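Heads up: the structure comes next, in structure tokens.
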Ligand SMILES: Nc1nc2c(ncn2[C@@H]2O[C@H](COP(=O)(O)OP(=O)(O)OP(=O)(O)O)[C@@H](O)[C@H]2O)c(=O)[nH]1
Ligand SMILES: [Mg+2]
């Protein structure tokens with residue numbers, strides 16, 4: 001641990017702002033306030049004063065808030081300085097702090113210290129980042145539940161049950177000549193099944209967790225000129241994509257976040273799919289198909305004034321009716337009698353990107369599909385991350401192996417070692433496993449100042 005040093009960083013975004021907050025954590029924190037040397041600073045009280053640099057010059061009128069460790073975010077002495085949000089001023093203060101022994105913090109270093117001080121478990125530390133990055137109400141709710149430690153509590157309950165089980169299985173290791181009695185094997189298997197079922201319920205929320213955190217990817221697809229980019233612009237409410245009467249306008253895909261009710265989607269505009277006239281257009285179409293493989297929801301856009309098109313089989317194989325809405329566009333024009341042929345079994349909506357007709361109904365339908373995709377999060381109360389889901393699945397596999405060992409009368413130590421592996425995996429979720437690399441990877445994704 002490197003916690004003997006003092007770190008400093010600005011916790012507010014770069015650029016001009018009314019206010020900026022500089023955060024300092026470590027043994028030197030109190031030194032940068034306006035207090036007389038030797039007098040303990042008042043904790044958790046806002047004090048107005050001048051930030052004076054090492055030569056005693058007043059740099060800015062600021063507010064100081066001091067938190068005496070361990071009752072602080074990091075568990076160490078922390079000083080927060082609210083200054084004016086001028087980038088030069090902030091630099092001047094940070095430079096001065098560095099000169100006086102408070103080095104620049106690395107990304108996530110404040111939260112890392114909070115974790116190492118036992119202020120929060122790893123799932124809560126990750127939730128800090130989820131909370132900052134949440135792009136929708138539901139993602140925020142989930143981050144708040146994780147931050148309160150709900151996942152940690154459930155993992156602790158599982159860990160407690162499994163620890164009891166390991167103890168009772170290990171009691172037989174020293175007596176290899178004795179088999180585990182039948183009724184205790186039955187009981188052990190029951191506990192394993194129950195723990196596995198709970199781990200499985202949590203693991204299954206990983207999919208909803210991914211969609212909540214990243215936003216549901218919704219792919220706009222169709223033949224050239226159907227009006228995909230026009231529809232994207234309409235849904236976003238601004239002219240994000242180029243639109244033109246020329247087919248083949250969009251070549252590269254475009255992606256934008258779009259809040260939809262309490263959720264957020266990532267809407268992706270793509271190159272139209274049809275006979276390519278040149279290499280560039282062909283590359284665009286290849287990109288569309290590659291993106292299609294990652295999409296969770298499709299919005300197939302048809303031109304209602306033309307006969308219904310035939311789309312490439314690679315696309316229709318992915319855009320199954322349960323993952324797709326068909327938007328029959330250009331309904332402001334006279335409809336073509338064969339416009340709606342094909343696409344049986346697909347939910348269809350009639351829209352006009354030009355006039356905006358049918359857009360509300362389209363948004364409602366999208367919202368309904370997204371609610372279905374992310375329903376798992378609501379049922380379990382909390383949606384785990386991919387990292388958590390992987391650990392849960394590894395734990396489930398170890399529990400299966402442990403159950404097989406017990407069932408087949410294998411030596412007790414084999415079952416015990418599998419159960420320990422499951423415990424280890426649960427430990428990784430909350431961070432009871434002390435592994436520097438995991439921490440390095442996790443906290444490097446944070447922003448500086450967190
Ligand atoms: N009348 C009418 N015209 C539309 C509508 N939506 C789009 N258009 C027109 O159709 C043409 C093609 O629109 P785009 O949005 O560029 O179509 P696209 O599907 O993105 O086309 P590519 O990028 O070439 O694949 C433009 O001239 C649009 O103005 C609509 O609802 N009604
Ligand atoms: Mg386009």
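Odds and ends about this structure:
- Two numbers describe the Cα atoms of the range 358-450: Rg and Dmax, which are 20.0, 67 Å.
- Solution diffusion estimate, µm²/s, Stokes-Einstein, the range 215-376, Kirkwood Rh from C-alpha pairs, 25 °C, viscosity 0.890 mPa s: 158
- Springs join every pair of Cα atoms under 10 Å in this Gaussian network model of the chain, and among 355, 331, 74 the largest mean-square fluctuation is at 355.
- Cα convex hull, the range 127-206: 99 Å³ per residue, rounded to a whole number.
- With the convex hull drawn over the C-alpha atoms of the range 119-168, the volume per residue is 67 Å³.
- Normalising the average separation of contacting C-alpha pairs (under 8 angstrom, six or more residues apart) by the number of residues puts the relative contact order of the chain at 18 percent.
- Per-residue Cβ neighbour rank within 10 angstrom, fewest leading, 228, 450, 119: 119, 450, 228
- For the range 146-298, alpha-carbon Rg relative to the globular expectation (2.2 N^0.38 Å, N residues): 1.78
- DSSP bridge pairs, the chain: antiparallel proportion in percent, nearest 5: 60
- Look at where the Cα atoms of the range 192-271 and of the range 60-136 average out, and the two centres are 34 Å apart.
- Distant alpha-carbon pairs in the range 6-116 (separation over 25 angstrom), percent: 13
- At 1.567 mPa s and 4 °C, Stokes diffusion of the chain via Kirkwood alpha-carbon radius, µm² per second: 50
Quick note: the coordinates plus some simple rules give every number you see, no bench work behind them. Since the model is a prediction, treat every value here as computed from it, not as a measurement. Cβ atoms come from the backbone with ideal geometry, glycine included; neighbour counts cover every protein chain shown.
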